[in-house]
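**Student:** Below you will find the structure I want to go over with you.
The values are calculated or read from the model by the stated rules, or taken from the named source; none is laboratory data. Values in this document were obtained by computation on a predicted structure and should not be read as measured data. Cβ placement follows ideal geometry from the backbone for every residue including glycine, while neighbour counts extend to all protein chains displayed.
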Amino acid sequence: MIFGPGVDVESCAYVDETVRLFGKVTAEEGVTIWPYAVMRSEMKSITIGKMTNIQDFVMIHIGTKTGTHVGKYCSITHHCTLHGCTIGDYTLVGINSTIMDGCVIGDNCIIAGHTFLKEGTVIPDNSIVMGTPGKVVKTTNSKQKNKLNAVLYYKNGLAYNKGQHRAWDGINLLQDMDKTLKSALDLT
């Protein structure tokens, strides 16, 4: 791990040893940061909300006018780029998506894989977005599904801290997911 001054990840559940964080970066309680994620904040700041997961090869940078802020219980999935944007709570950003400067994504959203959101795009709460450039294709509240995904990544991060890289091996995954969902519904 390489952390510059100003980085606060003490409350994280898991931070992979390959992660690179520079500038003012704050990750709240229960956050997991997966292999080869990079966050750079030469000015402004990057904040990652409670129980959010930043998956493998994610790049988070700040814009010239805005920092980058990700809400609680979010999943920023593999190979995403976030650049000077704001992501609401309980939102999932799909694989290889790019969110540019000044974008604001509401709560309980799903941004489909490979979506590109151009500068200044505003996405309302409860939206499913896809395309290049991204457009709202459906409205539905995805809070519970997105929260479950975030909690599963949290549990997986705790297992990785113990060297258990096959946390779901040998258990009934559906049964465990059901228990996790019930506990996730009780979390705030």
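**Student:** Count, please, the residues in the stretch 36-89 that happen to be more than 14 Å from residue 105 (Cβ to Cβ), within 14 Å of the chain's Cα centre (by Cα) and either of a type in the set (Lys, Arg) or at pLDDT below 95 (or both).
**Tutor:** Final tally of qualifying residues: 1.
**Student:** If you don't mind, another one. If you go through the stretch 27-76, how many residues are part of a loop (DSSP other than H, G, I, E, B) and of a type in the set (S, T, N, Q)?
**Tutor:** Matching residues across the stretch 27-76 total 4.
**Student:** Considering only the stretch 20-65, state which residues are of a type in the set (Asp, Glu) and in contact with a strand residue (DSSP E or B) (Cβ under 6 Å, 6 or more places away or on another chain).
**Tutor:** The answer is 42, and nothing else.
**Student:** Hey, another quick one. Kindly indicate whether any position in the stretch 129-144 is closer than 20 Å to residue 71 by Cβ, buried (at least 17 other Cβ atoms within 10 Å of the Cβ) and either at pLDDT below 95 or β-branched (Val, Ile, Thr) (or both).
**Tutor:** The answer is yes; a qualifying residue exists.
**Student:** Does the stretch 160-169 contain at least one residue that is modelled with pLDDT of 90 or more, within 29 Å of residue 45 (Cβ to Cβ) and not charged (D, E, K, R)?
**Tutor:** Within the stretch 160-169, one or more residues are modelled with pLDDT of 90 or more, within 29 Å of residue 45 (Cβ to Cβ) and not charged (D, E, K, R).
**Student:** Right, next: Just the residues that are outside any strand (DSSP E or B) and surrounded by 22 or more Cβ atoms within 10 Å (Cβ to Cβ), please, taken from the stretch 90-106.
**Tutor:** 90, 91, 97, 103
**Student:** Considering only residues that are closer than 19 Å to residue 155 by Cβ, surrounded by fewer than 23 Cβ atoms within 10 Å (Cβ to Cβ) and without any contact (Cβ under 8 Å) to a residue 24 or more places away in the chain, which ones fall in the stretch 20-56?
**Tutor:** Passing the criteria: 29, 35, 50, 56.
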